[in-house]
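The values are calculated or read from the model by the stated rules, or taken from the named source; none is laboratory data. Because the structure is a prediction, the values reported are computed rather than measured. Note that we place each Cβ from the backbone using ideal geometry, even for glycine, and neighbour counts take in every protein chain shown. Please note that ligands, DNA and RNA were not included when accessible areas were found on the heavy atoms of the full protein model with its side chains. Shrake-Rupley method; radii C 1.70, N 1.55, O 1.52, S 1.80 Å.
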Amino acid sequence: MALCLGQVFSKDKTFRPRKRFEPGTQRFELYKKAQASLKSGLDLRKVVQLPEGESINDWIAVHVVDFFNRINLIYGTVSEFCTERTCPIMSGGLRYEYRWQDGGEYKKPTKLPALKYMNLLMDWIETLINNEDIFPTRVFLFPRTFSRCARRS
């Protein structure tokens, strides 16, 4: 049984366990508010509105992690059907082709099969989310540029 779970949760697989917020923490409470706001109807302005008295950095961080979890579920489903043969390039339709560059192994923009590109992208995002210097989980001391960067996107 442990061997089977180890294979399912391996970083080489497309499934990734959902990132969770620890109950009793401020982030957990914000997550609950975010979930409630998503069920409040179709007024997107209200859905993403900062709750009164909450930190914008914490609110953004909660939504980033939740968005990552949702995209991860979709990616896990689609990746079963996408192979190097069926998805030889990462593209956005006929007009756009995405190339990977990370400054490490891929120093220049590199054409990759969609599955490889997505694996690298999901690993990169997960590394950022798990970096305490960018997304602190216990003490809410965000980098000064955190909310400024989020507002530009």
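Under 8 Å by Cβ, and 6 or more places apart or on different chains, what pairs join a residue from the stretch 52-67 that is open to solvent by 40 Å² or more (accessible area, probe 1.4 Å) with one that is modelled with pLDDT under 85?
Glu54/Leu30; Glu54/Lys33; Ser55/Phe140; Ile56/Ser147; His63/Ala34; His63/Val48; Val64/Phe135; Val64/Ala150
From Ser153, Ser147, which residue is touching a helix residue (DSSP H, G or I) at 6+ places or on another chain (Cβ under 9 Å), small (Gly, Ala, Ser) and at pLDDT below 90? Working first, answer last.
On the way: Ser153 fails: touching a helix residue (DSSP H, G or I) at 6+ places or on another chain (Cβ under 9 Å).
After ruling out the rest, the residue left standing is Ser147.
Any chance the stretch 9-22 includes a residue that's of a type in the set (D, E, K, R), modelled with pLDDT of 75 or more and under 19 Å from the mean Cα position of the chain (by Cα)? Steps first, please.
To start, the set of residues in the stretch 9-22 that are of a type in the set (D, E, K, R) comprises 11-13, 16, 18-20, 22.
Now drop any that are not modelled with pLDDT of 75 or more, which leaves 22.
Then keep just the ones that are under 19 Å from the mean Cα position of the chain (by Cα); that gives 22.
Checked against the condition, which is being of a type in the set (D, E, K, R), modelled with pLDDT of 75 or more and under 19 Å from the mean Cα position of the chain (by Cα), the stretch 9-22 yields at least one hit.
So which of Asn131, Asn57, Asn119, Asn69 is farther than 24 Å from Lys32 by Cα and under 19 Å from the mean Cα position of the chain (by Cα)? Spell out the reasoning first.
On the way: Asn131 fails: farther than 24 Å from Lys32 by Cα; Asn57 fails: farther than 24 Å from Lys32 by Cα; Asn69 fails: farther than 24 Å from Lys32 by Cα.
Among Asn131, Asn57, Asn119, Asn69, only Asn119 is farther than 24 Å from Lys32 by Cα and under 19 Å from the mean Cα position of the chain (by Cα).
This table checks each residue for (1) at pLDDT below 80; (2) aliphatic (A, V, I, L, M); (3) open to solvent by 60 Å² or more (accessible area, probe 1.4 Å).
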| residue | (1), (2), (3) |
| --- | --- |
| Arg27 | yes, no, no |
| Leu42 | yes, yes, yes |
| Val48 | yes, yes, yes |
| Phe81 | no, no, yes |
| Tyr98 | no, no, yes |
| Gln101 | no, no, yes |
| Lys107 | no, no, yes |
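If Ile56 satisfies every condition in (1) out of contact with any helix residue (DSSP H, G or I) (no Cβ under 6 Å at 6 or more places or on another chain); (2) among the aliphatic types (A, V, I, L, M); (3) modelled with pLDDT of 85 or more; (4) closer than 20 Å to Ile129 by Cβ but one, which is the exception?
For Ile56, the exception is condition (1).
So which residues in the stretch 90-100 are assigned to a loop (DSSP other than H, G, I, E, B) and closer than 20 Å to Tyr75 by Cβ, if there are any at all? Steps first, please.
Just the residues of the stretch 90-100 that are assigned to a loop (DSSP other than H, G, I, E, B), to begin with: 90, 93-95, 98.
If the condition is that a residue be assigned to a loop (DSSP other than H, G, I, E, B) and closer than 20 Å to Tyr75 by Cβ, then Met90, Gly93, Tyr98 are the ones that fit.
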